[in-house]
Amino acid sequence: MSTKVSTSISATHIVSSAHLVSPDSAQMSEFEFGLIVAGHAFQRWVVHCMSAAGLKDLTPLDVLVLHHVTHRARDKRLADICFIMNIEDTHLVNYALKKLLGLGVVASHKSGKEVTYAATDKGQKLVQRYREIREACLISTLKADDGLNRDIGELARLLRVLSGMYDQAARSAASF
């Protein structure tokens, strides 16, 4: 449940944790609430879209790992997947990979000590079907507003900047 908090900035912000609102940046609390809500909506979306594509009972991470393993049709190592997805807990990605291997949508290849992963033909077909459903259900809604794509591009840039800020803050907090 959200709480409206009035700050010294003389604006009302919708936040999830009023006790965290800073007089220096109520906007950050408002952003964090938006991120929480958008994150959960995005996770629901990817699961439902992949289910509609024909692969049910996956977690959001499973779906995202399958997409990344399919990305650019190049084999990926566990460490590479975790790095690109900014996931520290490699066991979470490893578990998703094992699940995807069991479903036959990902294959592993061993070269010496190194194991790489790639999407199988079945995995590639499911990802292609996901893309078709994504185009029909999500991307088509962007056609109504040309400025929205520009805003989304700017938002993506800001999210990358904020990701770096949060990563730096996490490192600082770890040394507290």
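Check cross-link reach from LYS110 to the aspartates and glutamates: straight Cα distance under 13 Å, and skip same-chain residues fewer than eight apart.
Within reach: ASP75.
Could you name the lysines whose alpha carbon sits less than 25 Å from that of LYS56, not counting residues in the same chain fewer than 8 places away?
Candidates past the 8-residue exclusion: LYS76, LYS98, LYS99, LYS122, LYS125.
Which distance in Å, rounded to a whole number, links the C-alpha centroids of segment 28-99 and segment 125-146?
18
Sorted from largest down, give the three principal axis spans of the alpha carbons of the chain, whole angstrom values.
58, 47, 28
Accessible area, 1.4 Å probe, largest first: how do PHE42, PHE31 sort?
PHE42, PHE31
To the nearest 10 square angstrom, what accessible area does LYS125 show with a 1.4 Å probe?
Accessible area, nearest 10 Å²: 140 Å².
At a probe radius of 1.4 Å, what is the per-residue accessible area of TYR130, in Å² to the nearest 10?
20
Per the helix-only calculation at 222 nm, which mean residue ellipticity applies to the chain, given -39500 (n - 2.57) for every DSSP H run of n ≥ 4 and division by its residues, nearest 500 deg cm²/dmol?
That comes out to -20500 deg cm²/dmol.
How big is the accessible area of SER111 in square angstrom, nearest 10, if you roll a 1.4 angstrom probe over the protein chains?
Around 90 Å² of this residue is reachable by solvent.
Give the accessible surface of the chain per residue, rounded to a whole number of Å², with probe radius 1.4 Å and ligands, DNA and RNA excluded.
Per residue, the chain has an accessible area of 67 Å².
The values are calculated or read from the model by the stated rules, or taken from the named source; none is laboratory data. Quick caveat, the model's predicted, so the values are computed rather than measured. Remember, those area values only see protein heavy atoms, side chains included, never the ligands or the DNA or RNA. Shrake-Rupley method; radii C 1.70, N 1.55, O 1.52, S 1.80 Å.
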